[in-house]
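Data first, discussion second: the structure below is written as structure tokens.
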Amino acid sequence: MAKIIVVTSGKGGVGKTTSSAAIGTGLALKGHKTVIVDFDIGLRNLDLIMGCERRVVYDFVNVINGEANLKQALIKDKRLDNLFILPASQTRDKDALTKEGVDKVLQDLAKDFEFIICDSPAGIEAGAMMALYFADEAVVVTNPEVSSVRDSDRILGMLSSKSRRAENSEESIKEHLLLTRYNPERVAKGEMLSVEDVQDILAIPLLGVIPESQAVLNASNSGQPVTLDQESDAGQAYLDTVSRLLGENVDFRFLSVEKKGLLKRIFGG
């Protein structure tokens, strides 16, 4: 039975699509057949992050409307045999997603995939509500700043009240906290909320802490999920996150200020 995981947030620009790509790729690296679905109709970016924008012929809305089948619309990743992308439409609006249509697509995907990662638009409009409605688990992405955390708290309210599980009085969506762009030096200076501060406010289990890293920008610009850069701090942090998502017990890294050795103190860096 496929597991549907929504990657969501209240605020835009916190790294949802980057995280969707990194988590989906991490699951595939660990041998799980995974599809990442872009729910951001009209503003698709997942295909850019995954480096397959030139291969998009049909999209999610085409499948819902019966203009193409899943086999035609799914894009197979060139690096990993068990990773696929279902891109969003750039020319339709959010209302193109119907509950019945999305349900059928997800049911069809569930026949072939172990994990379905739903890359949600930001906020609480129609596309975001559709992305979280069918979820079994939710990865709530936030930055360590007050406005981002406050908006994430609002999303948690939606997860507990607006999902199919809530409507059917089933077991609640399993919620996870993913903290992105974390900088321990700025936390120490009081310029950024600490991990503990964010956990105190949102009160959901911590899944991962992704350090502020040039590797994330480099990966996005090159169309390569940062999880493939296993030498980078961000790539390692996302792989740790995926391991925890799969139930493994992995220590958290990159939470404290790195102590510089003598040579670094002398020469900088």
What ranking of 245, 177 comes out by heavy-atom accessible area, probe 1.4 Å, highest first? 245, 177
How many angstrom lie between the C-alpha centres of segment 147-212 and segment 1-38? 16
Leaving ligands, DNA and RNA out of it, rank 170, 258 by accessible area with a 1.4 Å probe, largest first. 258, 170
Please give the helix 99-110 orientation as an angle from the longest Cα principal axis of the chain, in degrees from 0 to 90, rounded to the nearest 10. 70
Return the FRET efficiency for the residue pair residue 214, residue 72: r is the Cβ-Cβ distance, R0 is 30 Å, and the value is rounded to the nearest 0.05. 0.20
Taking a threshold of 19 Å on the Cα-Cα distance, which of the pairs 33/162; 33/99; 33/111 fall above it? 33/162; 33/99
Regression test value, accessible area per residue of the chain, probe 1.4 Å, units Å², expected 47
Express in nm, to one decimal, how much length is gained between residue 257 and residue 168 on full extension, taking 0.36 nm for each residue of separation and deducting their alpha carbon distance. 27.4 nm
Between helix 16-29 and the chain, what is the angle of the helix's C-alpha long axis to the longest principal axis, kept within 0 to 90° and rounded to the nearest 10? 80
Ignoring any ligand, DNA or RNA, what whole percent of the accessible area of segment 66-122 comes from carbon and sulfur when the probe is 1.4 angstrom? 47
Taking only protein heavy atoms and a 1.4 Å probe, the highest-to-lowest accessible-area order of 18, 227 is 18, 227
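The values are calculated or read from the model by the stated rules, or taken from the named source; none is laboratory data. Just so we're clear, the structure is a prediction, and the values are computed from it rather than from any experiment. All Cβ positions, even for glycine, are placed from backbone atoms using ideal geometry, and neighbour counts span all protein chains on display. Accessible surface areas use protein heavy atoms only, side chains included; no ligands, DNA or RNA. Shrake-Rupley method; radii C 1.70, N 1.55, O 1.52, S 1.80 Å.
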